[in-house]
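Chemist: This is the structure, below, for whatever I ask next.
The values are calculated or read from the model by the stated rules, or taken from the named source; none is laboratory data. A quick note: this is a predicted structure, and the numbers were derived from the prediction, not measured. All Cβ positions, glycine included, derive from the backbone under ideal geometry; neighbour counts span all protein chains shown.
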Amino acid sequence: MREQLEQLLAAGRDNALLRFGLGNACLKEGDAAAAALHLQHATEQNPLHSAAWKLLGKALLALGRMDDADAAWNKGLEVAVKQGDIQASREMTVFLKRLRR
């Protein structure tokens with residue numbers, strides 16, 4: 001899956017959904033650094049993509065970047081609430097509580 005998505009990116013099909021998919025695939029493979037890079041691009045291309053903010057926080061946490069994960073989840077929570085994305089807002093609220101313990 002990751003290789004196919006990377007081929008699409010190399011072919012010039014760069015967009016938020018592709019970057020989100022790549023970030024998710026990288027995170028599943030344990031490559032948090034690549035995941036963070038792709039998810040950062042996804043949030044820049046579509047700042048209203050709450051799921052991208054959620055996964056970005058997870059990738060940053062995996063890299064030990066606690067403050068950055070906190071910031072990503074805070075932004076994602078703000079976006080999710082504005083969008084009415086109840087599930088994402090609940091998940092990020094839980095993540096933030098755990099991070100702050």
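Chemist: Could you say whether any residue in segment 1-19 is part of a helix (DSSP H, G or I) and under 19 Å from Glu91 (Cα atoms)?
Modeler: Within segment 1-19, the subset part of a helix (DSSP H, G or I) is 2-10, 16-19.
With under 19 Å from Glu91 (Cα atoms) added as a condition, the list becomes none.
Looking through segment 1-19, none of the residues is part of a helix (DSSP H, G or I) and under 19 Å from Glu91 (Cα atoms).
Chemist: Now for a different question. List pairs: first in segment 71-88 and farther than 11 Å from Ala52 by Cβ, second acidic (Asp, Glu) and modelled with pLDDT of 95 or more, Cβ under 6 Å, 6+ apart or cross-chain?
Modeler: Partner pairs satisfying both residue conditions: none exist.
Chemist: Need the failing condition index for Leu48 against (1) aliphatic (A, V, I, L, M); (2) in a helix (DSSP H, G or I); (3) within 26 Å of Glu6 (Cβ to Cβ), just the number.
Modeler: (2)
Chemist: Restricting segment 66-101 to residues that are among the charged types (D, E, K, R) and in a loop (DSSP other than H, G, I, E, B), which is nearest to Pro47 (Cα to Cα)?
Modeler: Within segment 66-101, the first condition is being among the charged types (D, E, K, R), and the residues that meet it are 67-68, 70, 75, 78, 82, 85, 90-91, 97-98, 100-101.
Subsequent filtering for residues that are in a loop (DSSP other than H, G, I, E, B) retains 85, 100-101.
Values: Asp85: 14, Arg100: 24, Arg101: 28 Å.
The selected residue is Asp85.
Chemist: Check Glu44, Glu29 and return the single one that is closer than 19 Å to Asn15 by Cα and charged (D, E, K, R).
Modeler: Glu44
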